[in-house]
1. Arranged by the count of other C-beta atoms within 10 angstrom, fewest first, what order do 139, 196, 168, 28 take?
2. Counting other beta carbons within 10 Å of each Cβ, put 327, 56 in order, fewest first.
3. Roughly how far apart, in whole Å, are the Cα centres of segment 40-80 and segment 136-153?
4. Given a 10 angstrom Cα cut-off, can you work out which residue in 323, 98, 206 is the most mobile in a GNM of the chain?
5. Length gain on complete extension for the stretch residue 332 to residue 48, per 0.36 nm per residue less the alpha carbon to alpha carbon distance?
6. What FRET efficiency comes out for residue 89 versus residue 224 if R0 is 56 angstrom and r is the Cβ-Cβ distance? Round to the nearest 0.05.
7. Hey, what did the chain get for relative contact order, percent, Cα under 8 Å, at least 6 apart?
8. Name the shape class, rounded, prolate or oblate, that the alpha-carbon gyration tensor gives for segment 110-206, where a ≥ b ≥ c are the square roots of its eigenvalues, rounded holds for a/c under 1.5, and otherwise prolate holds if a/b is larger than b/c and oblate otherwise.
Ligand SMILES: [Ca+2]
């Protein structure tokens, strides 16, 4: 009796295990960018994900430079098979702000890399739309730049929203900014796009913001770990790390935050972070707060009703959370994952 069940049981187990191990299909939307480069290389060296496309958005560098950098990174990883497509040329409603100041004149810590891969001719947002329809409920979007391309995709074809499995983005903050007192750079670079994305109605949207990124400090220790295992990718990441560390030291810091790589880390292993559901809106008009991610921690608002010449609070209304906000991270475990995946590559 038992013996006859065994093959069926084994088949069931194998099916369950392969389903568990099936890699996530992801699209990386990026403005590379030093920490973008590390996020991309982390993804390309991780069995948990299958990169379906890299779409490029202007942000840290111009659209054209970002596209060239993405092609250089695909070349470094020997992955010219992955479509790399350009997208928006500028934010939806403001001028672009580029960040060579932080990322080097070429956006990649002034490290020269060769290019053998060629750009995919499709428009990034169209490629996102195409892939979401090709793989309904299977695509994880990982935006690690301004949200212009994602906003364009959902505006052109809102039917993709319920077909996206999840969005895991780097951007925003619930405790102050890095551009100024209020805003984080990715959101500040296109607040209108960010407001569209946060409120598009995705089944799952995770915000990996500055707050948690600031806890993931890449230090000399990680550089040394990479240098101890030389290879084309580990050498590059060690050089980028060294560049960012030198920059951090000029501002009195001893480590450099791994913002974009952490968003990829969360994509690989959600247990690296603790999240809380909150309703997040993006300020698009504030005098001092344009680009701030305004998070309603209690998910409630007072109901103020006009009576004559004044409003009277008559109760509170619930607001539905639209975002899983990362509020804590196991930083060491994440850094070990990052370095472990790059070492020897
Ligand atoms: Ca980025």
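1. 196, 139, 168, 28
2. By the 10 Å Cβ count, ascending, the order reads 327, 56.
3. Taking the Cα centre of segment 136-153 as reference, the centre of segment 40-80 is 14 Å away.
4. In this elastic network of the chain, the residue with the biggest mean-square fluctuation among 323, 98, 206 is 98.
5. Contour length minus the Cα-Cα distance gives 100.3 nm.
6. Calculated value: 0.90.
7. Values: 772 pairs, mean separation 58.7, N = 345.
Relative CO of the chain lands at 17 percent.
8. Here segment 110-206 falls in the oblate category.
Every number here is computed from the coordinates shown, using simple stated rules; none is lab data. Everything numeric here is computed off the predicted structure, so don't read it as measured data. So basically every Cβ, Gly included, is an ideal-geometry build from the backbone, and we count neighbours across all protein chains shown.
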